[in-house]
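Report on the structure given below.
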Amino acid sequence: MPEDQATPAEQHLFCPSAQPDMEGSRVLGVIGGTPDAPEVAYLNEFLPVSEEVLALAGPVKPTQVLRFAAPCQEKRCCHFDGRDCSLVTRIVQILPAVTDGLPACLIRATCRWHQQEGKAACHRCPQVVTYVAEPSEQMRLAAEGKL
């Protein structure tokens, strides 16, 4: 069975805020909105990361215009506490919901954030971007967990 068609129990959980150079990385969405209110437009089909895809970002970093998902790195990630993702915990606690409904998302069935925090993570997910030049205090606290 192809990886993208495996049942959730057969798949590794995906991080919806990954780096493009992580193994198994794919484009989750395109970043739009404004610098003060970014919004991810989720793709409706899987797009693996390739040199050609990354080159489409042009003169800016791919993480400034694209959002990536990849298999969760678990213990290799500074946000993983051995069981849960502390990043999504902070996102749900600190950031406001930006949508009432569930965004169309290709990884929800295998998303670590959704598995851990449910709909609350999905309601905040569209505002999460990997690269922010001047993050708000709320976004900085959610990302870093430091006062």
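See the values below:
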{"quantity": "The chain - Rg (one decimal) and Dmax (whole number), Cα, Å", "calculated": "14.5, 46"}
{"quantity": "Trypsin sites (Lys or Arg not before Pro), loop per DSSP, at most 12 other Cβ atoms within 10 Å - longest free stretch of the chain", "calculated": "1-82"}
{"quantity": "Label point distance in nm, Glu52-Glu137, each placed 7 Å from Cα along Cα→Cβ", "calculated": "4.7 nm"}
{"quantity": "Dipole magnitude of the range 14-144 about its Cα centre (Cβ charges: Lys, Arg +1; Asp, Glu -1), debye to nearest 20", "calculated": "300 debye"}
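Every number in this text was worked out from the coordinates using simple rules, so none of it is lab data. Treat the numbers as computed from the prediction; the structure is a model and nothing was measured. For neighbour counting, all protein chains shown are included, and Cβ atoms are generated from backbone atoms with ideal geometry for every residue, glycine included.
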